[in-house]
Amino acid sequence: MKYGYIRPTVQDQQCTKQLTNIKIDQLFKETHGLAKKRGEQEHLFMKIQQGDKLYVQNIEVLADSLHQLLDILRLAERDQIIIHFIDEQLTNQTIQEGSLLQGATFFAKLQSTFLSHSSTFTLQDAKRRGKSIGRPRKSDENLQRAFAMYESKKYTLYDIKAATGISKSTLYRYLDSRLTSMADEDK
């Protein structure tokens, strides 16, 4: 049998660009792009049998890390399953000829893709659950104190940081955004 597996990716969050021209017998589709709780993938690997073929758009769809990819490739080899990676134009049985540099470059790019995918979907999930993302904002009271100290020209940046806890780069970032908003108000 020919199976297909799709799931949301950074470039295709609605899964509309995956396996569009591939005729498959049964499709397994994840509802999320997160690394954990991939129930459809688990169902797929419980159902697929020796000699079956699995089609995925790219390696990122199937695995979230090099370690997970290696586990899946071992499983496929053991169960004699052929996995077709459409974008990479590879199968798990393809022997890619090339130099060590080409191989290392391929896997470095793949690792970067895994990290991007994981970060994007983890942040989206956190936002959806109402978690605050990024560094907490400095208190307005503390910022106003830092602005006043800076504008008085009586204090060094070190003095301002010691008194308010606001670093030079943070102070400049807030000053830039303050100046930008003041310029916008004048228009």
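A few points about this structure:
- Within segment 1-40, considering residues that are part of a loop (DSSP other than H, G, I, E, B) and of a type in the set (Ser, Thr, Tyr), the one farthest from residue 58 (Cα to Cα): 31
- Count - residues of segment 51-68 that are surrounded by fewer than 19 Cβ atoms within 10 Å (Cβ to Cβ) and in a strand (DSSP E or B): 1
Table: residues versus (1) more than 25 Å from the chain's Cα centre (by Cα); (2) under 29 Å from residue 127 (Cβ atoms); (3) touching a residue at least 24 places away in the same chain (Cβ under 8 Å).
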| site | (1), (2), (3) |
| --- | --- |
| 7 | no, yes, yes |
| 10 | no, yes, yes |
| 26 | yes, no, yes |
| 37 | no, yes, no |
| 46 | yes, no, no |
| 55 | no, no, yes |
| 71 | no, no, no |
| 78 | yes, no, no |
| 102 | no, no, no |
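- Given (1) in a helix (DSSP H, G or I); (2) of a type outside the set (A, V, I, L, M); (3) at pLDDT 85 or above, index of the condition residue 154 fails: (1)
- Test: residue in segment 139-147 that is in a loop (DSSP other than H, G, I, E, B), more than 35 Å from the chain's Cα centre (by Cα), at pLDDT 85 or above and not aliphatic (A, V, I, L, M): no
The values are calculated or read from the model by the stated rules, or taken from the named source; none is laboratory data. Just so it is clear, the model here is predicted, and its values are computed rather than measured. All Cβ positions, even for glycine, are placed from backbone atoms using ideal geometry, and neighbour counts span all protein chains on display.
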